[in-house]
């Protein structure tokens with residue numbers, strides 16, 4: 001089994017500790033770190049009308065930082081590890097600036113950078129008055145503008161955040177890879193059929209999976225259910241999970257949100273669904289699940305520990321211990 | 001004489017070399033560097049870097065020196081995103097970072113489909129939105145790019161410092177007058193001065209004439225030049241621009257204007273001029289070596305040698 005990478009968040013007060021954790025992962029031979037665009041915190045509840053449409057929360061507040069800054073700081077502090085944005089939201093930057101910064105990071109980090117971009121979540125974007133376009137058309141236009149502007153310059157690989165098949169297909173056409181957050185293992189073969197055969201050898205297929213290592217399966221399952229609940233509240237994830245065969249779970253989640261029943265929302269995540277998306281259990285079970293994702297075509301498997309209650313840097317290093 | 005700081009502005013292919021320069025300046029005790037916002041646009045289709053990103057890289061590579069964006073353009077990011085990146089730099093630098101903010105230039109912003117707002121209300125709203133979006137964060141000092149008295153007064157009111165791009169030496173008093181008494185001790189007064197080392201004064205004058213001639217074409221600068229006492233020069237430059245006469249444009253820049261806005265000459269003259277700026281109240285004097293088209297990193301270090 002190839003060691004997994006990790007998803008990093010620049011949590012306020014822990015930012016230097018996260019960079020030190022990255023240095024340790026680098027020394028221990030872990031291959032990837034993807035840095036999230038820390039969008040915002042939940043501080044407002046939705047209206048009844050929004051809830052009925054499946055919107056669970058309204059986002060507003062401090063972003064933790066952009067994935068580009070965090071990637072750069074980690075890249076400057078490490079020597080071998082590949083770093084990427086997982087992902088940077090396109091709407092926050094003009095495409096010429098996005099690719100310029102991507103090129104900057106790639107150059108100062110000796111080509112270790114991957115530019116992961118995505119259109120973000122409507123629920124969040126609406127709070128910041130971004131003029132939202134349809135995702136497929138937006139990503140095509142945005143990427144073409146980046147590529148045209150940077151023609152002839154050394155540019156990092158560009159990968160798209162994806163969920164459903166159409167975006168995978170678009171990435172297969174115009175990008176260098178894809179990155180899921182919470183890919184459904186059983187659905188990966190269907191999704192990856194969208195990537196042209198001639199590209200598959202060099203195509204980056206990254207996945208950020210919630211990970212929880214514990215000898216107590218009940219504890220681990222409860223933890224990953226909470227992690228997945230957050231995604232079930234987002235409409236683009238609801239559509240993806242339906243595409244992947246989890247319509248019942250989505251329906252239960254929508255009903256729970258309409259009734260404002262948090263316990264029912266967590267219970268909406270079936271054990272089968274948790275098993276199909278998250279990486280949890282004993283170290284041996286965790287390693288086995290990672291192998292399953294890798295066998296299904298994920299060549300940059302990364303683990304997320306954001307939902308852990310402990311300090312992020314400690315949580316990451318504790319999970320990393322399962323792979324030494 | 002305190003050592004001056006420098007503007008760092010790498011071209012693609014020189015990005016690592018510029019970080020090495022920052023490390024050397026840090027080792028040699030230079031107090032600060034400013035990282036400007038380089039525009040993507042017609043001349044450079046891709047922005048070669050972003051102000052805050054370059055600050056992140058320099059912070060990671062240095063230990064003591066202060067690092068500031070000089071300046072980040074507000075229109076390049078939503079305020080909450082700017083606040084987050086600034087808080088990130090502040091935290092990882094142990095407080096060595098300051099956030100320089102400016103409203104940019106209309107002509108360039110329009111290229112990107114951005115219709116700018118009137119500068120003063122825009123900056124007031126932007127800073128307030130930034131602060132409101134980060135209630136639990138420790139934000140770094142905020143420095144506003146200021147040319148004219150209105151923005152200087154706003155900086156005095158809502159910010160922790162101001163930075164001029166090409167202030168005249170005699171104009172520093174306008175900046176100082178805008179700082180409230182209660183803020184004076186800790187207020188950052190930065191100015192970016194073009195520097196041109198040369199033994200022949202006329203060579204330095206010619207450089208400044210070309211440079212300030214280019215500034216005459218930028219929308220916000222002629223008004224500032226008038227406010228700074230150079231109305232005759234602006235009038236002559238305007239006439240030269242109307243007939244597209246480059247030689248006349250350069251000739252419109254008086255010796256007095258060049259002397260007041262640039263630092264040029266031999267090492268001793270340059271040190272003397274730096275002292276003058278500091279005595280006038282500029283506590284973050286920042287030298288720009290914009291004239292170095294090719295070896296930007298080497299040029300900064302050659303200028304730095306003058307101040308060791």
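For the protein assembly as shown, what does -39500 (n - 2.57) per DSSP helix run (n ≥ 4), summed and divided by total residues, give at 222 nm, in deg cm²/dmol to the nearest 500?
Helices in the protein assembly as shown give a 222 nm mean residue ellipticity of -14000 deg cm²/dmol.
Where is the GNM fluctuation largest for chain B (alpha-carbon springs, 10 angstrom cutoff): B:212, B:34, B:101?
B:212
Exposure proxy check: A:134, B:273 ranked by fewest other beta carbons within 10 Å?
A:134, B:273
What would the Debye formula give as log10 I(q)/I(0) at q = 0.15, 0.25, 0.26 Å⁻¹ for the alpha-carbon point model of the range B:75-128, no solvent?
With no solvent term, the Cα-only Debye profile gives -0.50, -1.01, -1.05.
Regarding the range A:129-183, what whole-number volume in Å³ per residue does the convex hull of its Cα atoms give?
Convex hull of Cα atoms, per residue: 104 Å³.
Take every DSSP beta bridge whose two residues both sit in the protein assembly as shown, then give the antiparallel share in percent to the nearest 5.
So the antiparallel bridges amount to about 5 percent of the total.
Quote the convex hull volume per residue of the range A:177-271, based on C-alpha atoms, as a whole number of Å³.
100 Å³
How many nm is it between the label spots at residue B:239 and residue B:23, if each spot is 7 Å from the Cα in line with the beta carbon?
5.5 nm
Treat the count of other C-beta atoms within 10 Å as a stand-in for reagent exposure and order A:308, A:70, B:122, B:32 from fewest to most.
Arranged by neighbour count, lowest to highest, A:308, A:70, B:122, B:32 become B:122, A:308, B:32, A:70.
Checking a compactness column here: for chain A, what do you get for Rg(Cα) / (2.2 N^0.38 Å), N being the number of residues?
0.94
Which whole-number percent is the relative contact order of chain B (Cα, under 8 Å, 6+ apart)?
Value for chain B: 19 percent.
Can you give the relative contact order of chain A as a percent, counting alpha carbon pairs under 8 Å and 6+ residues apart?
It comes to 20 percent, rounded to a whole number.
Over chain B, with a Gaussian network built from C-alpha contacts below 10 Å, which listed residue (B:139, B:287, B:109) shows the highest mean-square fluctuation?
In this elastic network of chain B, the residue with the biggest mean-square fluctuation among B:139, B:287, B:109 is B:109.
Restricting things to alpha carbons, tell me how big the range A:206-324 is in terms of Rg and Dmax, in Å.
Cα-based Rg and Dmax for the range A:206-324 come out at 14.3, 45 Å.
What does the extension gain come out to for residue B:158 and residue B:184, with contour length at 0.36 nm per residue minus their alpha carbon separation?
Extending this stretch completely gives an extra 8.0 nm.
If I take every Cα pair under 8 Å that is 6 or more residues apart in the range B:71-218, average their sequence separation and divide by the length, what percent do I get for the relative contact order?
That works out to 20 percent.
Please compute, for peptide B:55-64, the average count of beta-carbon atoms on other protein chains lying within 10 Å of each residue's beta-carbon.
4
Order these by the 10 Å Cβ neighbour count, fewest first: B:15, B:201.
The order, fewest Cβ neighbours first, is B:201, B:15.
Two-decimal Rg/Rh of the protein assembly as shown from alpha-carbon positions, Kirkwood Rh?
Checking Rg against Rh, the ratio lands at 1.02.
So what's the gap between the Cα centers of the range B:127-147 and the range B:68-108, to the nearest angstrom?
What the calculation gives is 9 Å, centre to centre.
Go ahead and set up a Gaussian network model of chain B, Cα springs under 10 Å, then flag whichever of B:251, B:190, B:86 fluctuates most.
Largest GNM mean-square fluctuation: B:251.
Computed from the coordinates by the stated procedures, all read-outs in this text should not be read as laboratory data. Note that this is a predicted model, so its numbers are computed, not measured. Virtual Cβ from ideal backbone geometry, glycine too; neighbours counted across all protein chains shown.
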